[in-house]
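Participant: One structure, as structure tokens, below. Some questions next.
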Amino acid sequence: MKTGFIVHKADGSNPIFMPSKNGLYFYDVKNNTAHVMINTVDSIKNKYTVEEYANACKAHSIQDIIGRSATKDYIEYAEKGMIPNCPIMKQDILRAEDILGPNLGSLKGKTM
């Protein structure tokens, strides 16, 4: 018999996680009225053209190269031409954050 575990949540619910045949634990949402929707990179990037997605990836990469500055600062650097030969614009940076999420290196040490 497979044994699972119960998670006691602050809202009073107690979901039971059972192991799959491969050993990964899961919660069966079919028996629950509350559902969680997850946006994946694939579903979000489909909102943009191939060129826009490529520019967003470049923007994300450049953000890593320049030291993972905060998005607000990064936009300012790009708009004021402070990054020599930078091929990206503000919209590319915003798309990168929409598609790939905030830059994790930028968030580490700045958030709790």
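The values are calculated or read from the model by the stated rules, or taken from the named source; none is laboratory data. These numbers were taken from a predicted model, which means no experiment stands behind them. Heads up, the Cβs are rebuilt from the backbone with ideal geometry, glycines too, and the neighbour counts pull from every protein chain shown.
Participant: Exactly one of (1) under 17 Å from Ala54 (Cα atoms); (2) in contact with a helix residue (DSSP H, G or I) (Cβ under 6 Å, 6 or more places away or on another chain) is unmet by Asp98. Its number?
Facilitator: Of everything listed in (1) under 17 Å from Ala54 (Cα atoms); (2) in contact with a helix residue (DSSP H, G or I) (Cβ under 6 Å, 6 or more places away or on another chain), Asp98 misses just condition (2).
Participant: Among the residues of segment 46-93, count how many are over 16 Å from Gly105 (Cβ atoms), of a type in the set (Gly, Ala, Ser) and in contact (Cβ under 8 Å) with a residue 40 or more places away in the chain.
Facilitator: 1
Participant: Identify the single condition in (1) touching a helix residue (DSSP H, G or I) at 6+ places or on another chain (Cβ under 9 Å); (2) more than 16 Å from Asp98 (Cβ to Cβ); (3) outside any helix (DSSP H, G or I); (4) at pLDDT 90 or above that Ile62 does not satisfy, given that it satisfies every other one.
Facilitator: Checking Ile62 against (1) touching a helix residue (DSSP H, G or I) at 6+ places or on another chain (Cβ under 9 Å); (2) more than 16 Å from Asp98 (Cβ to Cβ); (3) outside any helix (DSSP H, G or I); (4) at pLDDT 90 or above, the one that fails is (3).
Participant: Does any residue of segment 38-53 turn out to be at pLDDT 90 or above, surrounded by 12 or more Cβ atoms within 10 Å (Cβ to Cβ), outside any loop (DSSP other than H, G, I, E, B) and under 17 Å from the mean Cα position of the chain (by Cα)?
Facilitator: Checking segment 38-53: at least one residue is at pLDDT 90 or above, surrounded by 12 or more Cβ atoms within 10 Å (Cβ to Cβ), outside any loop (DSSP other than H, G, I, E, B) and under 17 Å from the mean Cα position of the chain (by Cα).
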